[in-house]
1. When we measure straight from the Cα of A:LYS88, which aspartates and glutamates land under 15 angstrom away, once same-chain ones fewer than 8 places off are left out?
2. Among A:LEU105, A:HIS169, A:VAL115, which residue has its Cα positioned farthest towards the positive end of the charge dipole of region A:105-186, with +1 placed on the Cβ of Lys and Arg, -1 on the Cβ of Asp and Glu, and the dipole taken about the Cα centre?
3. Pull up the cross-link candidates among the lysines for B:LYS295, meaning alpha carbon to alpha carbon under 26 Å and not fewer than 8 places away within one chain.
4. Sort A:PHE303, A:PHE73 so the one with the fewest other Cβ atoms within 10 Å of its own Cβ comes first.
5. Can you pull out the chymotrypsin sites (Phe, Trp or Tyr not before Pro) in region B:13-62 that DSSP calls coil and that have at most 11 other Cβ atoms within 10 Å?
6. Within chain B, which is the longest segment that contains none of the GluC sites (Glu not before Pro) sitting in a DSSP loop with at most 16 other Cβ atoms within 10 Å?
7. To the nearest whole number, what is the average tally of beta carbon atoms from other chains within 10 Å of the beta carbons of peptide A:194-207?
8. If you filter region B:160-224 for trypsin sites (Lys or Arg not before Pro), then keep DSSP loop positions with at most 16 other Cβ within 10 Å, what is left?
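Values in this text are rule-based calculations from the coordinates and carry no lab data. Computed from a predicted structure; not experimentally measured. Here the Cβ positions follow ideal geometry from the backbone for every residue, glycine too, while neighbour counts run over all protein chains shown.
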Amino acid sequence: MEGNKLLEVNNLTTVFPLRRGVVKAVDHIDFELGEGEIMGLVGESGCGKSASMLSILRLVPYPGKIVEGQVSFNGEDLLKKPSAEMRKIRGREIAMIFQDPMTTLNPVFKVGEQVRESLKIHGIISNPERIFPRCLNRRRKRAEQRRVLSLLEEVGLPSPEENYRQYPHELSGGMQQRALTAIALSCAPKLLLADEPTTALDVTIQAQILELLERVTMERRASMILVTHDLGVAAEFCHNILVMYAGKIVEKGPTKKVLHNPKHPYTRGLLRSIPRITKEKVRIKSIPGNVPDLINLPHRCAFYPRCDEASSKCEKKEIELKKVGTEHWIRCVLYK
Amino acid sequence: MEKVEEYTKKPLVKIESAKKYFIMRPSLLARAFGRKNIALKAVDDINLIIKEGETLGLVGESGCGKTTLGRLILKLYEPTEGKIFFEGKEINYLNGEALMDFRRKAQIIFQNPYASLNPRKTVRDIITIPLKNRGVKDPIEREEEAIVLLRQVGLSDRHINNYPHQFSGGQRQRISIARALAMRPKFIVADEPVSSLDVSIQAQIINLMDELQEEYKLTYLFIAHDLSVIFYVSNRVAVMYLGKIVEIAETMELFENPRHPYTVALLSAVPTIARQEKKRIILKGTVPTPINPPKGCRFHTRCFMKKGKICEAEEPARASIGGDHYVCCHLFSERF
């Protein structure tokens, strides 16, 4: 899947200054994404994966702010763009699919209208309220409708004409997620950010949605960052994986390498703690302790208190991300 | 969890042809138009035995009736039809002392750790109130026992004064477990106890429940939708679809030789880290509503191994595959 690097993130840092202290939600992350690539961003709650996605789109909610780094998309740094330009990019060049479709879709507008809205805002179709001869207006409206219907069909909605006229609550979770995907795809984005798109869905529906996302990404030669806490999902759908812990990337590389030959103690601990369906039952070993409080994290490896391979070397100031193989990077003192 | 021979084969819970229909009354306006009451058939003719000392996994997607079944067994719902026996006695006819005894012996752990603890009670209250109900009269004794229970679930004494909101999801789940154990139960319905928890915490809770089962000789009905977790914790697994049990077998047997098309599809839909064959069976459509389930075999509308007209007309009878493995499917009905 080589090609030009569509997205290059360097040193991206986002902080939330709270009364109790500062939370470094995203701590100097860097990665690259090529055309047609699906990258998995894996980690548990609070590790900074959603915050990273929001940072790329500059949608970080107050009081959070991006304080460092570059987000180079198609060669241009998004962090330096004026907001008017960012608004043109959001939804058009880069689209996001959020986790819970029930709370993301607007409950008072019909599904078809919400897909059309995206097309309208980005000027793909024009606003029909303009003054035109009536007959041309109707033809225009019908052409627009057909465009939306073809999108609804592409995402696999069972009856596009009917679904077009329905409200979100009339659709099941899986169908809502498909509608959200249609909105995301409407302006043919080059980059899709999918934030846990299937967490709220049943297993068989999850399979459908992931298959859909994989298919449309391939067909449109778009790239996708798939945020998930499910390593199985990452294993099956992602070319590369980024493992995050307490705001930092602790391991990154091609999926097979990271999951079959994990090097970071956290990744290893995670893999050992997941029950798997195998020929013989393997005992799972949990990682002791809890994810640390992100407020005013001490300057050492954040995983140190829970690590079973820890030593005094881990307490030194900052540990760099080091290369340990082709394309395989680790942030750990165990590796030079 | 692998101790197949250790548990006695005595049935602790026996369910005979249990049905639970929820009657839904349409609005006044709808009734004016002649709409009648409709039945939501949450649990429809279930026959099941839970053996003492085992962990029976109950798996299925949203709306299949697994939570309703769990609550029926605990007498939190009254069955519309059918009989449920606990320790040989029909729970419908339990009164007074006998009922109190049943309630003590059959406990529940809920799914949502954020909604199942009274936010206005301290941990001390949450654990000592059941102790009082069990008959521990001396408050000092109650306090001591509460501390023992807290330690057993991996929390510390100093937590006893705290309120639920001061704990993480995993810790709250531990409190729920301590609360259930306070009654010295024989049987616990664990309704998706780890679904809302982070992956590394899931492992901790699963291991904890395993240790407690061994120590207190508990019997679990483990309800979950995550197949890997079910695989890991269960001795036997029952698969539910739209209010019916479609397949039941010992864990290894079910996962190695799934027979019902739904089980096959469910297993293939689970994303795994090490998938042998890349073939995923993607089911078409969504789960029909339990309000108007399909006639005949409930699964025929999505079945990819449909036999023919018989699937649409007749409900399949339960057939034995051999050695405690049963399926409800017309493909196997002749085998008898």
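1. By straight Cα distance, A:LYS88 reaches A:GLU76, A:ASP77, A:GLU117.
2. Result: A:VAL115.
3. Straight-distance partners of B:LYS295: B:LYS19, B:LYS20, B:LYS36, B:LYS41, B:LYS66, B:LYS83, B:LYS244, B:LYS284, B:LYS306, B:LYS307, B:LYS309.
4. The fewest-first ordering by Cβ neighbours comes to A:PHE73, A:PHE303.
5. Here the chymotrypsin sites (Phe, Trp or Tyr not before Pro) that fit, given the DSSP loop and packing criteria, are B:PHE33.
6. B:7-276
7. 5
8. B:LYS217
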